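Below is one structure, written out as structure tokens; comments come after it.
The values are calculated or read from the model by the stated rules, or taken from the named source; none is laboratory data. All figures in this text were calculated on a predicted structure; none of them were measured in a lab. As a convention, Cβ positions derive from the backbone with ideal geometry for all residues, glycine included, and neighbour counts pool all protein chains shown. Accessible surface is based on the protein model in full, side chains and every heavy atom, while ligands, DNA and RNA are left aside. Shrake-Rupley method; radii C 1.70, N 1.55, O 1.52, S 1.80 Å.
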Amino acid sequence: TGFYISGGLEAASMSKVLGYGGVCEHQAGMLFPRSDYSDTFFPFGNHFESYSLQRKRCRISAPFVAGREVKLLPSIEILPDECLFEIFRRLHGNKEKSVCACVSKRWLMLLSSIRKDESYTTESVGHLEPEIGFNSNVADYSPTVGEKYGVDCSSSVEEPEVGENDCHGFLSRYLGGKKATDVRLASIAIGTAARGGLGKLYIRGSDATCGLTNLGLKATARSCPSLNVLSLSNVSSITDEGLCEIAHGCHSLEKLELCHCPGITDKALVEIASQCPSLKSVTLECCKNIGNESLKALGRHCPNLNHIVIRSCPLIGDQGITSLFLSAGRILQKAKLQSLNISDVSLAVIGKYGTGMVDLTLGDLHNVKEKGFWVMGKAQGLQMLKSLSISSCPGTSDFGLQVIAEGCPSLKLFALSNCPYVSDQGLITFSSAAGALENLRLNKCNSITLFGVFSMLVSSCARRVKALSIENCSGIKDLDFPLPIPSSSCRRSLRSLTIADCPHFGDIGLGVFGGICPGLTHLTLNDLPDITDAGILPLVRSSKIGLVKVNLSGCYNVTDDIIASIAELHGKTLEILNLDGCKSITDLSLAAIAENCSVLSELDISTSRITDIGISTLAAAKQLSMQIFSLGGCSSVTGKSLPSLVSLGRTLIGLNIRQCDGISFETIDILLDDLWRCNI
């Protein structure tokens, strides 16, 4: 009853909202300036079309106040929130809401507070469709809500065409640091609703972040019913109130990640579990107020839950883990339990009722003893387990590993890290019992030696071990006595060999590997100061299939001779070559690569002795089509290599020239202009 409309956009919007079909021009002036006019001319209610003649805008004289100037607010801002709420909930399309949200932050937050069930439909309002509305040129040329509040509401990929009421969750959005505020989150919620719907939302806060509260999550819950992935990290201001709104508004939620969220308790997780039956994956990390009740609710109410990650949650213990696996052990396929106050009881229940487990990770379980691993294997419930990782568990022993191998007949990948009580004997007995083992990874297992490794290869020769990784194991070093040599059938199985950060491992041990790896395709030797060309050469010559990936980073005794041998023998198959930190590498290596390597896609020669001549030789190789080229820290490379780098850049998508002191800023600017497709 009597609005003062100033501005064409507001005039068009109000005419549609209130049901008037008349034309509201930019300078139409006052529509019904007094309530008695409207009562006189419109006794038939608000379903009436009218036309208002143009007239001059009325001047409103402010009262004179001595000493200060009174600033008059636009008359539309005088309306209380209750009136604006009633107007906004009669908007019929997401595009119209997005346009209105651009007016002010107040309008944005009001629009984001409207639930779907609070909005009027066309049938419920029953008004006549106006001739001019938000789908006219007024809306077409107005900014989007994302542009208004500094948020990209468009998609990085081509978006499908959707109708006004279609929200399928096509879009993904990320907010981090100081940008994680209620206003930005509300603008994302409103803006994406008109562009296919928000499907994935990732929020990464910081200790200084205070702009994001429960209001932002409420806006998301009320405007984004299609949300299926929610990830919250380091947002202490979010509490149960905000997450409960997500539970009631986003019933399609399938993945939830909570990391460093101290304000969230069991109350919110119980609500999520009961309201989101489609939940498939839950991650809880460093949430000090989430306990056993949350896991009980997830086990009872989430029939599709197949992935759970729990780390450093002090209130979660045996009661929660046992309840979860008793209820959902048949459907859980992946579980990662780290730094929890659980005991042998939890491992016994996992071994008995985790019949659906395919991937299991156990880490930093200091209260689990040898008995826990023994019972887990003896329970015979992990028949489907294919991947098992154990790290920093003092209860891991030789005897426990043997029982685990016997109870997990489908095990293909086994990773053991920081378990000092596992020796050569445990490795040998485990490999003998693990009939399906294909991938073995050892990290910081200092009681294991080369004798145990080669004995394992001998005992499992019929089991087709394809990948072996040994890292940070001080017990892996050259031995003076003969090592067991695997049979010819085992020699054909090993495809990938990784040895890294073993300071006492040298040419003698590597030479033994050279005699048993004719099928090797991936070779990684990192940070091995005692390795020279003499140790690597037997491996290079023994590979009959052809090396595809070679990583020699940190082996500073490697010279051009071995690189030339690799290029000559495996140039037709070599795709990735990493020589980072090989300080003896010169332009001769690049000449061999340019001459022999035809399928090389990644080359790293950082901190080597190459010069402009080597870069020029590489650029002259017509058969090369590299995608990633790294020469960081090569101080002998100068601006003279600019034409060569531009020539190589025709196929590059990544170029690393960090700490190349010989390349000037002017050269870098030219590279940025010429290689605009390449990430430099």
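Observations, loosely collected:
- Close contacts from region 274-294, counting a first residue that is among the β-branched types (Val, Ile, Thr) and a second that is open to solvent by 60 Å² or more (accessible area, probe 1.4 Å), with Cβ to Cβ under 7 Å and a gap of 6+ residues or different chains, come to Ile290/Leu315.
- Positions within region 402-446 being within 36 Å of the chain's Cα centre (by Cα) and over 21 Å from Gly351 (Cβ atoms), in sequence order: Asn418, Pro420, Leu427, Glu438, Asn439, Leu440, Arg441, Leu442, Asn443, Lys444, Cys445, Asn446
- Search result, residues across region 402-425 that are out of contact with any Ser or Thr (no Cβ under 7 Å at 6 or more places or on another chain) and either open to solvent by less than 20 Å² (accessible area, probe 1.4 Å) or under 17 Å from Cys473 (Cα atoms) (or both): Val403, Ile404, Ala405, Gly407, Cys408, Leu411, Phe414, Leu416, Gln425
- Residue among Leu579, Leu569, Leu588 that is of a type in the set (A, V, I, L, M, F, W, C) and surrounded by 21 or more Cβ atoms within 10 Å (Cβ to Cβ): Leu579
- Residue within region 109-120 that is over 25 Å from Thr213 (Cα atoms), over 35 Å from the mean Cα position of the chain (by Cα) and modelled with pLDDT under 70 present: yes
- Being closer than 14 Å to Cys276 by Cα and not acidic (Asp, Glu) is a description that does not apply to Asn234.
- The condition of being closer than 19 Å to Ala567 by Cβ and not basic (Lys, Arg) holds for only one of Gly632, Gly614, Gly654, Gly639, that being Gly614.
- Condition broken by Gly546, with the remaining ones in (1) farther than 17 Å from Ala594 by Cα; (2) modelled with pLDDT of 95 or more satisfied: (2)
- So Ser294, is it hydroxyl-bearing (Ser, Thr, Tyr) and either at pLDDT below 95 or within 23 Å of the chain's Cα centre (by Cα) (or both): no
Condition check ((1) closer than 24 Å to Leu110 by Cβ; (2) open to solvent by 30 Å² or more (accessible area, probe 1.4 Å)) across all residues:
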residue	(1), (2)
Arg195	yes, yes
Ile203	yes, no
Ser206	no, yes
Ile238	yes, no
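- Helices (runs of 4 or more DSSP H) contained in region 439-526 and holding at least 1 residues at pLDDT below 80 and closer than 24 Å to Gln402 by Cα: 450-459, 488-491
- Residue within region 622-638 that is touching a residue at least 12 places away in the same chain (Cβ under 8 Å), over 30 Å from Asp661 (Cα atoms) and buried (at least 17 other Cβ atoms within 10 Å of the Cβ) present: no
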